[in-house]
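The values are calculated or read from the model by the stated rules, or taken from the named source; none is laboratory data. All of these numbers come straight from a predicted model, not from anything done at the bench. A quick note on method: Cβ atoms are made from the backbone with ideal geometry, for glycine too, and the neighbour counts reach across all protein chains shown.
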Amino acid sequence: MPQKMAPDEYKYVKKLDTARIDELLRSGSIESYGKAIDEILGEVRFSELHSLVLRLYVVTDIYIAARSFSRELEVSDEEFTSLFGCADDIGSGLTTAEGTVALIKEMIAFCIMRRIERSRENGNCVVRNARGYINENYMNTDLSLTNVASAVGISPTYLSALFKKETGGNLSEYVTKVRINKAKELLCCTSKLIYEIAFEVGFQDYRYFSQIFKKCTGQTPRQFQNAANGSC
């Protein structure tokens, strides 16, 4: 016998905020997604719905949002449906409100975790490309965060945040480290004058180069060169 739909149930179900679901998928954290889902479902009084049709209405909207977002993350149809079934299979799992909420949370958690993994992979790739660009262009005196960001195709602010997150240090510190290491190689292995080496590794000011070199190594360029030559 078909279940009767309470007059006000559909009124509440219509309040399902799919924009909040999309926001949760795109920026929610794995620590707080459960509470967010409870709030979204609470607004439509999901646990009080007697109609399986209305439960299906709610779950289908969330399923479609999760499936659409997972495609952006390059999750294959085969992988997603192997975990959660296809849209036509959803109805078979709606026997209890608790079980349905568990399925919804499982889908959302899957998408959030995959998004976090993808973001980490992308961040690693961007930072790796930025390091490569710096290693090849350290000698350019105008090398800057803006230049590097333009080379890897993201904003300077985002690159700065990614670099700090992935390496624990600032991009400018990495540039300095690369330049000083190159200077040490030249001081050890060539007969070039110190001011020539300073310009060759990207410093316009010889005195500034000497200050930074001593700060990084504990020695002036001359002291480092003399010690290196003395050990040969």
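At-a-glance table
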| quantity | calculated |
| --- | --- |
| Answer from 165, 184, 215, 192 - the residue that is closer than 29 Å to residue 127 by Cβ, surrounded by fewer than 18 Cβ atoms within 10 Å (Cβ to Cβ), basic (Lys, Arg) and not assigned by TED's automatic domain parsing to the domain that holds residue 134 | 215 |
| Considering residues of the range 160-193 that are aliphatic (A, V, I, L, M) and touching a Phe, Trp or Tyr at 6+ places or on another chain (Cβ under 7 Å) only, the residue nearest to residue 228 (Cα to Cα) | 187 |
| Top-ranked residue in the range 146-165 [being part of a helix (DSSP H, G or I) and polar (S, T, N, Q); ranked as nearest to residue 200 (Cα to Cα)] | 147 |
| Residue in the range 27-43 that is touching a Gly at 6+ places or on another chain (Cβ under 8 Å), closer than 30 Å to residue 119 by Cβ and surrounded by 15 or more Cβ atoms within 10 Å (Cβ to Cβ) present | yes |
| Per-region count, the range 1-57, residues at pLDDT 90 or above and among the hydrophobic types (A, V, I, L, M, F, W, C) | 9 |
| Pick from the range 129-145, criterion part of a helix (DSSP H, G or I) and more than 20 Å from the chain's Cα centre (by Cα), ranking: farthest from residue 204 (Cα to Cα) | 133 |
| The one condition in (1) in contact with a Ser or Thr (Cβ under 7 Å, 6 or more places away or on another chain); (2) at positive phi that residue 212 fails to fulfil | (2) |
| Pair list, Cβ < 9 Å and 6+ apart or interchain, from the range 137-162 residues that are β-branched (Val, Ile, Thr) to residues that are assigned to a loop (DSSP other than H, G, I, E, B) | 141/202; 141/203; 141/204 |
| Residues being free of Cβ contacts under 8 Å to residues at least 24 places away in the same chain and of a type in the set (A, V, I, L, M, F, W, C) - total across the range 163-198 | 4 |
| Within the range 7-47, tally of residues that are closer than 22 Å to residue 110 by Cβ, free of Cβ contacts under 8 Å to residues at least 12 places away in the same chain and not in a helix (DSSP H, G or I) | 2 |
| Residue satisfying all of: in the range 48-79; among the aliphatic types (A, V, I, L, M) and not in a helix (DSSP H, G or I); surrounded by the most Cβ atoms within 10 Å (Cβ to Cβ) among these | 49 |
